[in-house]
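Coordinate-derived values only; no laboratory data. Given the structure is predicted, the values throughout are model-derived calculations rather than measurements. Don't worry about glycine lacking a Cβ; one is built from the backbone with ideal geometry, like all the others, and counts go over all protein chains shown.
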Amino acid sequence: MTTDTQRPATAVTFVETDEQRQLREMLRDFLGARATSERVREVMQTDTALDDAAWKELGEYGLLGLTIAEEHGGAGSSFVELAIVIEEAGKRLLPAPLLSSAVLGTTALQVGASAEQQARWLPDVATGASRLALAHLDERGRMTADPGVTATRDGDGWVLEGAAGYVVDGHTADLLVTAATSEDGLQLFVVPAEAAGLARESLPTLDLTRPLASIRYDGVRVPEDDRLAGEAVTALHDAVAAGIVAIACEQVGGAQQVLHLTTGYARERIQFGRAIGSFQSVKHRLAEDLVKLEAARSAALHAARAVAAGDREEIAIAAPLAKALCSEVYEAIAADGIQLHGGIGFTWEHDAHLYFKRAKATKLLLGDPHLHRRLLGDVLGL
């Protein structure tokens with residue numbers, strides 16, 4: 001029995017549908033063949049750090065437009081399906097702008113662009129022919145109410161001045177969704193990468209598989225039609241929230257792969273006449289890592305479902321919780337991976353350091369765990 005002050009228990013299931021399982025299996029086959037360790041290392045040494053061939057194939061499979069409406073060339077699926085793509089890509093450290101284009105940029109357009117603007121831009125985004133990047137941080141990488149770019153009215157258009165820093169995949173994007181302050185408040189503009197007065201500079205990064213760029217706007221002229229017609233603050237908020245959840249899903253994928261590699265090594269590495277995985281201390285650490293991973297997976301999936309449902313109240317709780325938890329779990333499992341691999345785990349030739357660097361970089365991207373715990377506390381009134 002329940003009273004007026006009690007709520008009946010409800011079961012929450014995280015079982016994937018048949019279609020979602022098929023999507024995951026297809027991705028594992030595709031990425032297993034296309035995003036090998038050798039290929040990732042080859043691509044990350046190039047100027048763009050972008051696997052164009054894999055990106056093109058993702059577009060051909062319809063995976064870049066999963067959340068885009070069918071009328072704009074997308075699949076009309078939910079964010080949960082996109083989260084599966086992000087997670088599997090995270091396992092392989094795929095050097096492709098999924099986060100920047102399929103999540104951050106696409107969400108900003110879906111929320112902030114008019115129907116005419118969406119029809120103009122989203123079809124090419126869905127196929128991968130056009131790549132998006134969200135330029136919303138100042139030069140120091142801070143997300144504040146006053147971004148580093150200003151917009152001034154000039155006739156029937158706008159002029160942008162200033163700089164945006166730490167733009168994910170900003171050096172290879174075709175269109176830059178740029179946040180700028182004006183006398184009317186925050187605005188979002190879609191700026192072609194080849195616009196006169198726009199300069200891009202790649203930044204040195206810890207994670208060589210995810211490039212960042214600084215974008216400078218020196219009198220960049222933007223027509224009124226390229227200013228997003230919707231509420232810019234809401235569009236930017238929703239885009240960043242979706243990006244935070246996507247990073248959490250990616251972190252789960254990376255942590256799972258590291259744990260898989262470490263467990264396999266522990267079974268094979270012989271020390272003192274026994275596999276090191278038979279030692280109690282090693283078994284306990286791997287078991288603890290598995291428990292951490294499952295908690296992180298649940299948090300990330302719950303947040304992804306909140307985004308798919310468009311439940312902003314739940315997203316305000318689930319997104320920072322997932323980002324804080326998944327960041328720390330990925331970093332811990334990646335660090336354990338290096339330690340349990342012994343000397344080989346510290347070498348350039350082994351992949352352990354690539355995952356550790358991705359873990360450290362994503363921990364800071366769009367806010368570290370301390371920031372997200374503070375945001376969560378504010379929402380909960382703690």
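From the residues LEU175, THR152, ILE215, which one has its Cα farthest along the dipole of the range 134-229 in the positive direction, the dipole being from +1 and -1 charges on Cβ of Lys/Arg and Asp/Glu about the Cα centre?
Sorting the options by dipole projection puts first ILE215.
Compute the helix-to-body angle for 280-309: its Cα long axis versus the longest principal axis of the chain, expressed 0 to 90° and rounded to tens.
That helix lies at roughly 30 degrees to the long axis.
Could you size up the charge dipole of the chain around its Cα centre, putting +1 on the beta carbon of Lys and Arg and -1 on that of Asp and Glu, and report it in debye to the nearest 20?
Numbers: 36 positive and 54 negative charges, 358 e Å.
Its charge dipole is roughly 1720 debye.
Pairs of lysines 8 or more apart, or on different chains, with alpha carbons under 27 Å: count those in the chain, would you?
The number of close lysine pairs in the chain is 19.
If each DSSP helix of 4+ residues adds -39,500 (n - 2.57) and the sum is divided by the residues in the chain, what number results at 222 nm, nearest 500 deg cm²/dmol?
Working: 11 runs with 189 residues, N = 382.
Rounded to the nearest 500, the figure is -16500 deg cm²/dmol.
For a quick check: sort THR347, THR127, THR362 by the number of other beta carbons within 10 angstrom, fewest at the front. Intermediate values should be presented prior to the final figure.
On the way: THR347 10, THR127 18, THR362 23.
By the 10 Å Cβ count, ascending: THR347, THR127, THR362.
If you place +1 on the Cβ of every Lys and Arg and -1 on the Cβ of every Asp and Glu, how big does the dipole about the Cα centre of the range 134-229 come out, in debye to the nearest 20?
Working: 8 positive and 17 negative charges, 67 e Å.
Roughly 320 debye for the range 134-229.
Can you tell me the equivalent ellipsoid semi-axes for the range 116-233? Use √(5λ) from the Cα gyration tensor, largest first, whole Å. Don't skip to the end; give the middle numbers.
Working: eigenvalues 90, 65, 32 Å².
The equivalent ellipsoid of the range 116-233 has semi-axes of 21, 18, 13 Å.
Out of ALA83, ALA163, ALA115, any idea which swings most in a Gaussian network model of the chain, alpha carbons joined below 10 Å?
So, out of ALA83, ALA163, ALA115, the one fluctuating most is ALA115.
For the range 141-225, run through the GluC sites (Glu not before Pro) and keep only the ones in DSSP coil with at most 16 other Cβ atoms within 10 Å of their Cβ. Could the numbers behind the result be given before it?
Values: sites: GLU161, GLU183, GLU194, GLU201, GLU224; in loops: GLU183, GLU194.
Counting only loop positions with at most 16 other Cβ atoms within 10 Å, the GluC sites (Glu not before Pro) in the range 141-225 are GLU183, GLU194.
Could you give the distance between the Cα centres of the range 293-358 and the range 208-266, to the whole Å?
Cα centres, the range 293-358 to the range 208-266: 15 Å.
Output needed: percent of Cα pairs per 10 Å distance bin for the chain, bins running from 0 to the one holding the longest distance.
Binned Cα distances yield the sequence 5, 23, 32, 24, 11, 4, 1, 0.
When the Kirkwood radius is taken over all Cα pairs of the range 233-380, what Stokes-Einstein diffusion coefficient follows at 25 °C and 0.890 mPa s, in µm²/s?
Values: Rh = 16.0 Å.
Stokes-Einstein gives a translational diffusion coefficient of 153 µm²/s.
From the Cα gyration tensor of the range 140-190, with a ≥ b ≥ c the square roots of its eigenvalues, which class applies: rounded if a/c is under 1.5, or else prolate if a/b is larger than b/c, or else oblate? Spell out each step's value before the answer.
Numbers: a/c = 2.45, a/b = 1.36, b/c = 1.80.
Taking the square roots of the gyration eigenvalues as a ≥ b ≥ c, the range 140-190 is oblate.
Rounded if a/c is under 1.5, else prolate if a/b is larger than b/c, else oblate: which is the range 18-130, with a ≥ b ≥ c the root eigenvalues of its Cα gyration tensor? Before the final figure, lay out the partial values.
Numbers: a/c = 2.27, a/b = 1.44, b/c = 1.58.
Taking the square roots of the gyration eigenvalues as a ≥ b ≥ c, the range 18-130 is oblate.
Could you work out which residue, out of ALA164, ALA108, ALA195, moves most in a Gaussian network model of the chain, that is, has the largest mean-square fluctuation with Cα springs under 10 Å?
Evaluated over the chain, the most mobile residue of the options is ALA195.
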